[in-house]
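Have a look at the structure below before the remarks.
The values are calculated or read from the model by the stated rules, or taken from the named source; none is laboratory data. Only a predicted model underlies this, so the values are computations on that prediction, with no experimental measurement involved. No Cβ is skipped: glycine too gets one built from the backbone with ideal geometry, and neighbour counts run over all protein chains shown.
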Amino acid sequence: MSIFELKRIFMQFENSSAFAQQLDQQDPLRLYRDQFHFPQIAGKQAIYFTGNSLGLQPKNTQQYVDEVMKDWADLAVEGHFHAQKPWWDYHERMAAPLSKVVGAKPSEITVMNTLTVNLHLLMVSFYRPAGKRYKIICEEKAFPSDQYMLHSQVKFHGYDPDDAIVTLKKRPGEHNFRLEDILDTIAQVGDACALILIGGVNYYTGQVFDMQAITEAGHAIGAYVGWDLAHAAGNIHLALHEWNVDFAAWCSYKYMNSGPGNASGCFIHERFHGQKDIPRFEGWWGTQKKDRFLMKPEFDPMPNADAWQLSNAPILSLAPYLASLVLFEEVGMDTLIAKRNVIVAYLEFILLEIAKEVQGSFEIITPAQPAARGTQLSVFLHGEGRSLFEYLMKHGVITDWREPNVIRLAPAPFYCSYEDMYQFGQILKKGILAT
Ligand SMILES: *Cc1c(COP(=O)(O)O)cnc(C)c1O
């Protein structure tokens, strides 16, 4: 959607319950709302804005978990080969649906471990500092786990993080990164750069990076380029294969609704498949399927991203992820993104309407251009932020608080309604006046 289309839609919006309900009636996803469990606050279904932190539980999840529990009870070890969905290659079922979510070939996808673990494992292959090429470029104020990961990796290789980690910076007084500044930094670090590793969508502001341009610039200086897609998977359009990304990983419990702390997806571009000498930490689930139970001494890698697998798969954690992927498969990213564009624009409209009534009490720090944002709007509060956050919670709105004074609002298109946006606006206005 272009900024002009957005403006056009914007001008037709109305801050009224009747108008919101009309948008809900036209919403092709309206029936999906009922396929999720919503938390209750004071006996009422909450307005849920934290699908970027922990997605709601789809109602079909229980059935997928029950199936595994039953197969385990009935079949025990035989379940590896005779379960309804045999466990020994259970993870392979996820590659095809996930490949559509992130724009990859199924062979480039594997699901294993958790996000930070996978980024560490992928860095074994893609952070190989040598000679003058040892630096990592990441964004300033990256998600803390990513910072800890990068620091510990460079120290593990014997470098000083202050020297080896180059952070992309925002200009003073600005809330978002500029592509031209990012490209300048990449060119400056040049052949000292071993790896670029950035969050594809910034967790704090919701800014979407131009992954294609940055990947290209990274390759031009001879660096590997990887993406942490925690806030991107299931949220924005991705074309990892076409963009020539080297590797990526994401958690599945945010926009992908797979349950707390659940399994992580990985993308490894096909040009790295089938290499026996690539540095990699290995385990028996990465060997050729046909030999997996022969217990042979030598490692013969799977010819795809599964070569990075280590342990036999945690089936009870994969089951909810598979259940969620059924919904993604049914709906498709295009439909989700189409609703996302409108519902985020509607939320923005409502925020700006409220801002007129309660002057100067907050500003939106997420980019205004539709191409530079996904499902999230981050709102910087100028007043008593923390008490407003608590007021919202008490009145049935679950948002997320980030120091120093930011509330993040993510109206996940799968299950949030336009009426939620209107109701939120009314509660917000009362909250600002009351706190
Ligand atoms: C949510 C998130 C994580 C969390 O990592 P886990 O290993 O799943 O705990 C890491 N990085 C980013 C950018 C995130 O948004």
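For the reader, a short list of remarks on this structure follows.
- Residue that is surrounded by the fewest Cβ atoms within 10 Å (Cβ to Cβ), among those in the range 253-265 that are more than 9 Å from the ligand (Cβ to nearest atom) and assigned to a loop (DSSP other than H, G, I, E, B): P260
- Among residues of the range 86-127, those that are touching a residue at least 24 places away in the same chain (Cβ under 8 Å), assigned to a loop (DSSP other than H, G, I, E, B) and away from the ligand (no atom under 16 Å from the Cβ), counted: 4
- Of all the numbered requirements in (1) of a type in the set (G, A, S); (2) under 22 Å from F414 (Cβ atoms); (3) away from the ligand (no atom under 16 Å from the Cβ); (4) surrounded by 24 or more Cβ atoms within 10 Å (Cβ to Cβ), G218 misses one, and that requirement is (2).
- Some residue of the range 188-200 being among the β-branched types (V, I, T), within 12 Å of the ligand (Cβ to nearest atom), within 22 Å of the chain's Cα centre (by Cα) and within 30 Å of L327 (Cα to Cα): yes
- Selected residue (criterion: nearest to the ligand (Cβ to nearest atom)) from residues of the range 201-215 that are in a strand (DSSP E or B) and not polar (S, T, N, Q): V201
- Criterion violated by V154 - all others in (1) touching a helix residue (DSSP H, G or I) at 6+ places or on another chain (Cβ under 8 Å); (2) within 16 Å of the ligand (Cβ to nearest atom); (3) among the β-branched types (V, I, T); (4) more than 19 Å from A217 (Cβ to Cβ) satisfied: (2)
- Qualifying residue in the range 128-143 (condition: at pLDDT below 95, near the ligand (Cβ under 10 Å from one of its atoms) and surrounded by fewer than 23 Cβ atoms within 10 Å (Cβ to Cβ)): yes
- Matching residues in the range 205-215 - criterion: being surrounded by 18 or more Cβ atoms within 10 Å (Cβ to Cβ) and closer than 12 Å to F177 by Cα: T205, G206, Q207, V208, F209
- Criterion violated by I278 - all others in (1) under 12 Å from S53 (Cα atoms); (2) surrounded by 15 or more Cβ atoms within 10 Å (Cβ to Cβ) satisfied: (1)
- Test: residue in the range 153-170 that is closer than 30 Å to A319 by Cβ and in contact (Cβ under 8 Å) with a residue 12 or more places away in the chain: no
- Residue count for the range 162-174, restricted to those that are surrounded by 11 or more Cβ atoms within 10 Å (Cβ to Cβ) and within 21 Å of N202 (Cβ to Cβ): 7
- Flag if F389 is surrounded by 18 or more Cβ atoms within 10 Å (Cβ to Cβ), in contact with a strand residue (DSSP E or B) (Cβ under 6 Å, 6 or more places away or on another chain) and either at pLDDT 90 or above or on the phi < 0 side of the Ramachandran plot (or both): yes
- In summary, E242 fulfils each of the numbered conditions (1) under 26 Å from I137 (Cα atoms); (2) surrounded by 16 or more Cβ atoms within 10 Å (Cβ to Cβ) with the single exception of condition (2).
- Test: residue in the range 135-158 that is assigned to a helix (DSSP H, G or I), farther than 30 Å from A345 by Cβ, charged (D, E, K, R) and touching a Pro at 6+ places or on another chain (Cβ under 9 Å): yes
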